[in-house]
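The values are calculated or read from the model by the stated rules, or taken from the named source; none is laboratory data. Because the structure is a prediction, the values reported are computed rather than measured. A quick note on method: Cβ atoms are made from the backbone with ideal geometry, for glycine too, and the neighbour counts reach across all protein chains shown. Keep in mind that these areas ignore ligands, DNA and RNA; they rest on the heavy atoms of the full protein, side chains included. Shrake-Rupley method; radii C 1.70, N 1.55, O 1.52, S 1.80 Å.
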Amino acid sequence: MPSPATPPPRAASEHARARRRLKARALLLSPALLVICGLLVLPLCIIVVYSFLTPGTYGGVVWRFSTESYVQFLFERDLFDDTLAFSPAYLQIYWRSFIQALVATTACFLIGFPTAYYIATLPERKKYMWVLLITVPYWINLLIRTIAMLFLIRNEGPLNHALLFAGLVDAPLKIAYTNIGVGIGLIYTYLPFMVLPLYAAIERFDFRLVEAASDLYARRWTILRRVILPLAMPGVVAGSLLVFIPSLGAFIAPDLLGGGKNLMIGNLIALQFQGSRNWPFGSAAAVILMTIVLCALLVYVRQQSKARLRQLR
Amino acid sequence: MTSELFAVNGISITKVYAGGTGDVVALDDVSISIKDNEFFVLLGPSGCGKTTLLRCIAGFEALTAGRILLFGEGIDHLPPHRRPVNTVFQHYALFPHMTVSDNIAFSLRMLRRDEREIAQTVERMLALVHMAEFAGRYPAQLSGGQQQRVALARALASHPKVLLLDEPLSALDLKLRQAMRLELKQLQEETGITFVLVTHDQDEALSMGDRIAVMSKGAIQQTGTPREIYDTPVNRFVADFIGETNFLDATIRSVNANTADCVLEGGARTGATLAGPAARMRPGDRVLLSVRPEKIAVRPRQQQPGAGHGIDGSITRSVYIGTDTLYQIALDTRTPLIARLQNSRQATDFAVGEAVSVSFDAAACRVLAD
Ligand SMILES: Nc1ncnc2c1ncn2[C@@H]1O[C@H](COP(=O)(O)OP(=O)(O)OP(=O)(O)O)[C@@H](O)[C@H]1O
Ligand SMILES: [Mg+2]
């Protein structure tokens, strides 16, 4: 038996400690991992697999491998001679969704930045009340909120009544069931997602830098552009992603406020599972959307980490 | 009023901060005249309104009352970015997302200078503050002293008419601080820019300032050269705040020109100088005298048997501090006297309990107004 005075080899004990720590961390992570695996990764795998299968006649899938869904996305197959002709119909839907999401994100930023700035510069006690107020819309179901919005902006709604009454317009403004209506719906739905990250970023901003800049001859707009915005960039990016990505695949706003006339990606996908019963094509559309978003994100992250690495620590 | 053109002229500046718990009077009717090309120091304890005064000059605070002139022109209506005045902030406030070069170039870009000229100026500024090899770094990659230099270079780049420095050395360690004092002084002489430096460190003020304004509780107590401030303090606050001093309660017996004959508490007599606000003192007034420890002569008592001047006392403590020795001497007064004697003189050491005779010149003893 070794003498009890002999200390255990240091490397070994440290190794054991590291392993124990790893185990503890894995334990902490496991609930989240379980949820993510069960509710995200598994369905995603199913969708990817389905997108390579053949549609069943009454929905569902037939287990036969096929790339038809992806072909269908870009080409139209002639009914008689089976030749492929390029068809931009689905690309147009994606493009329209992209523009809608971009406009909504820009608008959210333009509305959200002054709001976030205002809240961040309030005295401490008032800040929290305002942050709470920002989340108020989320206390109400999204569907109800969107329908309420529809009632507000439709031709016979209070908005048009007020405009007509004030003599600002001769005929009701067509907002409901147009792209503008969808845009308003998207902005309304996702604005808090822009305000909160912006608020967090501006909150952390050292306002003494504004004094320093104005001392060095910078005007107000220049200070905003060259000092505040660059330093609030992490918040701008986070907010933009949080608005842009869900807007791109939004379903409720385009469906209710757009009247399903100008399809967006969300409607297109939903249609494949409900009306057309083409599950593989719906899955393919979803996979394509996800791939585009992921690629864009990867490129962005790559670029940012390169730029940031040098700057801060 | 005056024909001399001052770089900065503050006339009856009052600044009141409205607060939830009540108003704070940060500056109370402050008038100040800073000459062109001068290294001017604002000295005072924490919370006396030094930063507030600087912020008023820079334009970050609106005055509650009063006016500020810059080279004779009123600037109260101008926002900070239109005042030819730059600030070195206490916490530097460097732009964290810009390199050292871009920080220094900021003001020049705002003034839409030519890019080639900007590059030259930045290079000159980097050399001036010995930071040439750090041009491409970000502020987070610099030490406190280096950041301080960049802040200085950034504020100097546009060659402002007046440079305001708010405790620029307070974040540095003692060694660096002392080196930077000399560098700042040299920089001021080289550039010819008027420097207004805020500090609560009297050594800093005495070693750098051409003139010093001593502030307390939102008011300027005395303005003068370091020597004037040290040798001829006008009141108890200034005498106490700058250097060490002894205060003695006394009564004036007679006044002859600007010298007063005073009787100390124990009955001993001494001459003292009357000047400034104290000149209105009359015989019979109870006054406060101030004597610096190093101006006091101490002799063994038996050397001067029955000599007319000299106050009898005895040594109660002695502290050796290298170049000097401090002696605490008990007199017939309430508070003991502190005397500071140089060790390099061959003067005898005094033992604790030894009977001594203490004296000082009338010129070294000031009558204080309050
Ligand atoms: N924004 C403000 N609101 C209310 N009171 C203020 C404000 N800024 C300063 N004060 C008060 O005004 C007084 C002077 O402050 P100031 O910052 O000018 O002091 P200071 O001399 O620079 O002190 P320090 O040496 O500690 O920096 C203080 O009593 C301070 O509490
Ligand atoms: Mg201060």
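Note down the Stokes-Einstein diffusion coefficient of segment A:8-66 in µm²/s, whole number, using a Kirkwood radius over alpha carbon pairs, 20 °C, and 1.002 mPa s. Rounded to a whole number, D works out at 142 µm²/s.
Straight-line reach from B:LYS161: taking Cα to Cα under 27 Å and skipping same-chain neighbours fewer than 8 places apart, the lysines in range are B:LYS15, B:LYS35, B:LYS50, B:LYS185. Only protein heavy atoms count here; on that basis, with a 1.4 Å probe, A:MET290 has an accessible area of about 70 Å². Once Rg and the Kirkwood radius are both taken over the C-alpha atoms of chain B, their ratio Rg/Rh works out to 1.07. Taking A:PHE151, A:PHE205 and ordering them by how much accessible surface each has at a 1.4 Å probe, largest first, produces A:PHE151, A:PHE205. Computed log10 I(q)/I(0) for segment A:157-266 at 0.10 Å⁻¹: -0.50, from the Debye equation with unit scatterers placed on every C-alpha and solvent omitted. Note on segment A:137-208: Cα-Cα pairs beyond 14 Å make up 68% of the total pair count.
Computed per residue of the protein assembly as shown from DSSP H runs no shorter than four, each worth -39500 (n - 2.57), the mean residue ellipticity at 222 nm is -14000 deg cm²/dmol. Each DSSP beta bridge with both residues in chain B is either parallel or antiparallel, and the antiparallel ones are about 75%. Evaluating 6.51 cos²θ - 1.76 cosθ + 1.60 at θ = phi - 60° for every residue in segment B:253-269, the Karplus couplings come out as 8, 8, 10, 10, 6, 10, 10, 10, 9, 10, 10, 7, 3, x, x, 5, 10 Hz, glycine and proline recorded as x.
Over the C-alpha trace of segment B:31-98, radius of gyration and Dmax come out as 13.3, 40 angstrom.
Taken along its principal axes, the alpha carbon cloud of segment B:64-150 reaches lengths of 45, 30, 22 Å, longest axis first.
A:LEU191 contributes an accessible area of around 40 Å² to the protein surface, as traced by a 1.4 Å probe with all chains present. Value of Rg to Rh for the protein assembly as shown, rounded to two decimals, is 1.18; Kirkwood radius and Rg both from alpha-carbon coordinates. When the accessible areas of B alone and A alone are added and the area of the pair subtracted, with a 1.4 Å probe, the result is around 2300 Å², both sides summed.
With each label modelled as a point 7 angstrom along the Cα→C-beta vector, the A:ARG64-B:VAL25 pair spans 9.6 nm. The apolar share of the surface of segment B:184-263, taken as the fraction of accessible area on carbon and sulfur atoms (1.4 Å probe, ligands and nucleic acids excluded), comes to 42 percent. Across segment B:359-369, computed HN-Hα scalar couplings (Karplus, 6.51 cos²θ - 1.76 cosθ + 1.60, θ = phi - 60°) run 8, 8, 5, 4, 5, 8, 10, 9, 8, 9, 5 Hz from first to last residue, x flagging Gly and Pro. In segment B:109-211, the convex hull through the Cα atoms has an average projected area of 7.0 nm², a quarter of its surface area. Burial annotation for segment B:84-103: residues with an accessible-area loss of at least 50 Å² between the isolated chain and the complete set of protein chains, computed on heavy atoms with a 1.4 Å probe, are B:PHE95, B:PRO96, B:HIS97.
Take the Cβ-Cβ distance between A:VAL71 and A:LYS126 as r, set R0 to 45 Å, and report the resulting FRET efficiency rounded to the nearest 0.05. That gives a FRET efficiency of 0.20. The share of accessible area on segment A:173-234 that comes from carbon and sulfur is 64 percent, using a 1.4 angstrom probe. Taken one residue at a time, the phi angles of segment B:8-14 give Karplus couplings (6.51, -1.76, 1.60, θ = phi - 60°) of 10, 10, x, 10, 6, 6, 10 Hz. Gly and Pro are set to x. For segment B:172-278, the spread of Cα coordinates along the three principal axes comes to 53, 27, 24 Å, biggest extent given first. Solvent exposure of segment B:115-247, expressed per residue, is 42 Å² of accessible area, with all protein chains present and a 1.4 angstrom probe.
What would the Debye formula give as log10 I(q)/I(0) at q = 0.09, 0.10, 0.13 Å⁻¹ for the alpha-carbon point model of segment B:1-145, no solvent? Debye output, listed in q order: -0.39, -0.48, -0.77. Segment A:1-130 gives an Rg/Rh value of 1.28, both radii derived from C-alpha positions and Rh following Kirkwood. Counting only protein chain heavy atoms and rolling a 1.4 Å probe, the accessible areas of B:GLU190, B:GLU38 rank, largest first, as B:GLU190, B:GLU38. Its convex hull of Cα atoms gives segment B:209-260 a direction-averaged projected area, equal to a quarter of the hull surface, of 4.7 nm². The mean sequence separation of alpha-carbon pairs under 8 Å and at least six residues apart, normalised by the residue count of segment B:91-222, gives a relative contact order of 23 percent. Spread over its residues, the convex hull of the C-alpha atoms of chain A is 293 Å³ per residue. Taking a straight line from the alpha carbon of B:LYS217, these aspartates and glutamates sit under 20 Å away, with near neighbours fewer than eight places off in the same chain left out: B:ASP23, B:ASP28, B:ASP29, B:GLU61, B:ASP166, B:GLU167, B:ASP201, B:ASP240, B:ASP370.
The modelled label-to-label distance for the pair A:TYR138/B:HIS77, using points 7 Å beyond Cα in the direction of Cβ, is 5.0 nm. Here the calculated FRET efficiency for B:GLU265 and B:GLN342, from their Cβ-Cβ distance with R0 = 35 Å, stands at 0.80, rounded to the nearest 0.05.
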